[in-house]
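Coordinate-derived values only; no laboratory data. Computed from a predicted structure; not experimentally measured. Here the Cβ positions follow ideal geometry from the backbone for every residue, glycine too, while neighbour counts run over all protein chains shown.
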Number of protein chains: 2
Amino acid sequence: MKGLLLGGVEAGGTKMVCAVANELGVVLDEVRFPTASSEETLLRVKDYFEQAQMEYGELGAIGYATFGPAVVTQGEPNYGTILPTPKPGWQGVDVLGFLSQSFSDVGLAFDTDVNAAAIGEGFAGAGRGMKNFIYITVGTGIGGGVIIDGKPLHAKPHAEIGHMLVPVIDDYKGCCPFHGACLEGLASGSAIGQRWGIPAQELSPDHEAWDLEAEYLSMMVINLVACFAPERIILGGGVMEQDFLLTKVREAYYLKTGGYWPHDDSLLVSPEMGNQAGITGALVMANEVLAF
Amino acid sequence: MKGLLLGGVEAGGTKMVCAVANELGVVLDEVRFPTASSEETLLRVKDYFEQAQMEYGELGAIGYATFGPAVVTQGEPNYGTILPTPKPGWQGVDVLGFLSQSFSDVGLAFDTDVNAAAIGEGFAGAGRGMKNFIYITVGTGIGGGVIIDGKPLHAKPHAEIGHMLVPVIDDYKGCCPFHGACLEGLASGSAIGQRWGIPAQELSPDHEAWDLEAEYLSMMVINLVACFAPERIILGGGVMEQDFLLTKVREAYYLKTGGYWPHDDSLLVSPEMGNQAGITGALVMANEVLAF
């Protein structure tokens, strides 16, 4: 019997990635295009997979990884829909419903983009072989995907790690439209840019902004260790691409924890999958649907 | 075939509870005694179960719920031992090793006291029917047991929710010997007593202490919702026995979250099992060992 294709979608806030892989997980094709309105974007996704089926064969399953918030818990009445979001034209959209109407015999999986990135890093990156770890992205916003006992955390509806509260240690009021000075409001790329009046990526490595950023991110790490006791926290996203920042976060974390938690450089690491973590995770999700 | 007895131990910082139940879960006997040195205390546990076997029949399994920190993850090399603790004479003690030498044909389960309380509330209390919930105790210290997908969270080694960081909104420096102004250092019963110079249970209900306490606990709730998206958070422990406090925490949480998370009184509730949650959880742990 011919193996069925795996499809993956990573639906980011600004960019879509679609890919197909064969039954061995080898990626056969991948495209990227900007995220537009839900109608336009989902039609483009549908077109992509229809073309891919003509070219490569029959699709077995699609894993769809979405920006949040979204209902990612199977069995919930609105499983597969997008929750209230400032993103125009996406609120309430039934993504899974659209996909199941478009591809009637194809298995479907649905999760957050950050959970998918965590799944991807767990499959072939910095979370390999670990049962309890967290993937954090520090970019325009801050988000996290949580793997517990080998599975992504799906609750009511999913973690929103960026919106935790941490001690405020500077005068900046924070930029989160919901909470002002939550972690995302204090330490996202948007917050760095607004606080210093310069885009984060243009700040020089010796700017005091980075010590402050490391302080805030080390508080996030303390809270993640206190809540989850993870084996590893993978720190990704555009802000973390400043390669001196990881070391600063580790040092700030060690200072704060004192002797209470061990000083172990394997706790805080960089991603290993670059910008392929999310789409890889989406393909893994599709593969898990087929395996059932 | 005669049903085997279930044994349970709740090893608290100041008080031990030991119980036996029949195969239906009916508690046949329960004793409480002060926690002393590890040698004295564990011998007393052993004596209790030897007597219970003579009186009620053969033990099938013992569930042991311990104060933390401890290694509660099966498969870890030192599974069942107590980690560094200020409690004299307990650090490094191999509790499971002692029990397995004392009761060679008896199944054993080992977890934290707060995970056991969460298991107990999930079995017959405020967590019934829920897959993702958290039990918090606000007493001398602050601790939490986390249930995810129906199972207690065991990681590296376990959550230490009391040591999360939250914004500091008063001048008190905090009483945590490790972190000063972490959540436990700011909002435990010890912190309340030290901040106001009066034991928490003697402060009148209209004392400003309680509004401040509700502020800090609502920040903890925000962080737990951001990290776990739980169906429910059960707020227990001596400090929460002030029955007006739960409402104050809810109100402070609703104010902070704005419209971002729903206002739902079923999220924050009181325990339903009183001081029986932990020992009930220990007996449930024993029962699960027998079921395998």
| field | Estimated vicinal HN-Hα couplings, Hz - region B:32-46 in sequence order (Karplus 6.51, -1.76, 1.60; Gly, Pro = x) | value | 10, 8, x, 6, 10, 4, 4, 4, 4, 5, 5, 5, 5, 4, 4
| query | What are the nm distances, shortest first, from B:ASP105 to its equivalents in the other copies, labels at 7 Å along Cα→Cβ? | reply | 5.8
| task | Tell me the distances, shortest first, between A:PRO199 and the same position across the other copies, using label points 7 Å along Cα→Cβ, in nm to one decimal. | result | 6.2
| request: Give the distance, in whole Å, between the Cα centre of region A:170-204 and the Cα centre of region B:44-65. | output: 58
| said: I'd like the distance separating the alpha-carbon centroids of region B:218-267 and region A:82-103, in whole Å. | reply: 30
| field | Listed peptides A:37-45, B:33-41, B:131-139 by packing density, highest first (mean Cβ within 10 Å) | value | B:131-139, A:37-45, B:33-41
| Shielding of A:174-180 by partner chains, average beta-carbon count, 10 Å | 2
| query | Can you work out the FRET efficiency for the pair B:ASP29 and B:GLU76, with r the C-beta to C-beta distance and R0 = 30 Å, to the nearest 0.05? | reply | 0.40
| field | Efficiency of FRET from Cβ geometry, A:HIS263 and A:GLU58, R₀ 51 Å, rounded to 0.05 | value | 0.50
| query | In terms of Cα to Cα distance under 23 Å, which lysines are near enough to B:LYS46, apart from those fewer than 8 places away along the same chain? | reply | B:LYS2, B:LYS15, B:LYS87
| What average count of beta carbons from other chains do you get within 10 Å of the Cβ of residues in B:62-70? | 0
| request: Return the average number of partner chain Cβ atoms within 10 angstrom of each residue Cβ along peptide A:9-18. | output: 0
| If we hang a label 7 Å off Cα along the beta carbon direction at A:ASP243, how far is it from the matching labels on the other copies, in nm, shortest first? | 6.3
| field | the protein assembly as shown: antiparallel DSSP beta bridges as a percent of all, rounded to 5 | value | 55
| message | Could you work out [θ]222 nm for chain A from helices alone, using -39500 (n - 2.57) per DSSP H run of at least four and dividing by all its residues? Round to the nearest 500 deg cm²/dmol. | response | -11000 deg cm²/dmol
